[in-house]
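First comes the structure, then the notes that go with it.
Since every read-out is calculated from the coordinates, none of them should be taken as a lab result. Please read all numbers here as calculations on a predicted model, not as lab measurements. Reconstructed Cβ throughout: ideal geometry from the backbone, glycine too, with neighbour counts over all protein chains shown.
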Amino acid sequence: MISLEAVTKRFGKQNVFADIDLQLERGEIIVIIGPSGTGKSTLLRCINFLERPESGRITVGDLRVDAQHGTREDILKLRRRTAFVFQNYGLFANKTALQNISEGMIVVDKMPKEKAHARAREILKRIGLADKSDAYPAALSGGQQQRIGIGRAMAANAEVILFDEPTSSLDPQWVEEVLNLMKQLAAEQQTMIIVTHEMQFARDVADRVVFMDEGQIIEQAPPEELFTAPKDPRTQRFLRKILAPTGQTVP
Amino acid sequence: MLNLEYMWELLPVLLSYLPLTLEMATIAMLFALVLACLLAVIRVSRVPLLNGFSLLFISFFRGTPLLVQLFLFYYGLPQLVEALVSINGVTAAVLGLTLHFSAYMAESIRAAIVGIDRSQTEAALSIGMTQSQLMRRIILPQATRVATPTLMNYFIDMIKATSLAFTLGVTELMGATQKEASSSFLYLEAFLLVAIIYWVVVELLSWGQRRLEVYLNRAYQR
């Protein structure tokens, strides 16, 4: 239902990754882990064409976009089907919480304003910020801003939501509320691809964990399998390094 | 020492020329804003060809004195273009002010656009907005806020610069003062009075500017 085929991305002459394949089913939740600078975020950004891959195909539902031949219209359509949640929230500073969520529905989906606002209010209720509808981003905490960022992604009614390290720039006290909202989405069977360093969260929520290193998918498996019995030495090394200080089971 | 009675009598005479001064400044400001936005967007998006033109345009109109530009439009160009022979002083002044100030304003608008953090651009694109929707709905409204103090400065400068129109034979505030002064020989009174009129107008504008800034900053209160 969502698939990446032979997706290749270069910066200059340097391959960030080459021939990446990845498939996921509706309702599936994939967490991508791996060392920094291995192309996890870039891969996520390629799915949404925030970075244009050099080659490969991305399919979401019945929409198939070829990296080389995809038209502007294809890309706009693809972006509407793949919502994005950013590490730094990326909220529109000149718009209220409500407007941040309704903006895409009004401008891109051409929904009447009243209807879009009504839906945005529903979403605000679901993300627990009904009382903040008229607040501007500058007046909100990091956690609240990121929840609005997620609300904006929910409003797109996208087939998949892509999360790029959604808790990495949050103060520790706000991480929990954002992860809880993501768990709530997971419980509602929202299809998600999440790049994160929150290993416990990956364990709790992921259907499948993908380990990436140096631009390659090294290994993918359900979390209990990948975390307790990783097959590849690189996965083992990475997990040992990242889990040891937290006192979790070291494979 | 100062002939206050003369100044009092002169006041309504001069004030009757104030509307023309404000009209020239306002019209030139509106045209200059539109032109400056265009130039700035062309520069930011690096539109091929037009970008080079913008650079040349900005370079010329910032690099030469306003008075030279006004003389070029009023006395110089009609030599080249027949149709411009009948150009009147007001039109030439508005044209010169527009082009001159748009070059400055383009640069401050460009700086304001570039200053808006990239994550908002990416977010807008990620929800499927087009470049022009992104500009109109996200970038320009925020750039407006950042650029407002500088743009208001240019507007104030422009009001004062309309006084140069008197060198093109326009009887605006400054031209009228000059005429009155040379018939009464009370130069100090006349020019002091006109200075005060410009000053008061600019002060009123500055007050308006502060109100406008409070309004534009409403989204950024913690």
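Note on chain A: percent of Cα-Cα distances in each 10 Å bin, starting at 0 and stopping at the bin with the largest distance, equals 7, 30, 35, 21, 6, 0. Within segment A:36-70, name every residue whose backbone N is under 15 Å away from a label modeled 7 Å from Cα of A:A18 along the Cβ vector. Once the point is set 7 Å along Cα→Cβ of A:A18, A:54-56 turn out to lie under 15 Å by backbone N, inside segment A:36-70. Each DSSP beta bridge with both residues in segment A:122-251 is either parallel or antiparallel, and the antiparallel ones are about 55%. Counting, for every residue in B:131-138, the Cβ atoms of other protein chains within 10 Å of its Cβ and taking the mean gives 2. Taking the longest Cα principal axis of chain A as reference, the axis of helix A:72-81 is set at about 90 degrees. Residue pairs exceeding 23 angstrom between C-alpha atoms, taken from A:K40/A:K183; A:K9/A:K77; A:K95/A:K183; A:K95/A:K115; A:K77/A:K113; A:K77/A:K125: A:K95/A:K183; A:K77/A:K125. Beta-bridge orientation, the protein assembly as shown: approximately 55 percent antiparallel, per DSSP, counting only bridges with both partners inside. Counting only DSSP beta bridges whose two residues both lie in segment A:2-246, roughly 55 percent are antiparallel.
Taking each pair of distinct Cα atoms in the protein assembly as shown once, what is the resulting Kirkwood hydrodynamic radius in Å?
26.4
Rounded to the nearest 20 debye, the dipole magnitude of the protein assembly as shown is 480 debye, with +1 charges on Lys and Arg beta carbons, -1 on Asp and Glu beta carbons, and the Cα centre as origin. With the simple model of a label 7 Å out from the Cα in the direction of the Cβ, A:R26 to B:V85 spans 7.7 nm.
Over all pairs of different C-alpha atoms, segment B:19-170 has a mean inverse distance whose reciprocal, the Kirkwood radius, equals 16.6 Å. Computed packing ranks the peptides A:122-133, B:159-170 as B:159-170, A:122-133, most packed first, by mean other Cβ atoms within 10 Å. Taking the helices alone, the protein assembly as shown has a mean residue ellipticity at 222 nm of -18000 deg cm²/dmol, built from -39,500 (n - 2.57) per DSSP H run of at least 4 residues and averaged over all its residues. In this structure, B:Q221 and A:M1 have a Cβ-Cβ separation that, at R0 = 41 Å, corresponds to a calculated FRET efficiency of about 0.40.
Label zone of B:L77 (point 7 Å out along Cα→Cβ, amide N under 20 Å): in segment B:145-170 this covers B:158-159, B:161-170.
Relative to the dominant Cα principal axis of chain B, helix B:187-216 is inclined by about 20°. Peptides A:75-87, A:9-21 ranked from most to least packed give A:75-87, A:9-21, packing being the mean of other C-beta atoms within 10 angstrom over each peptide's residues.
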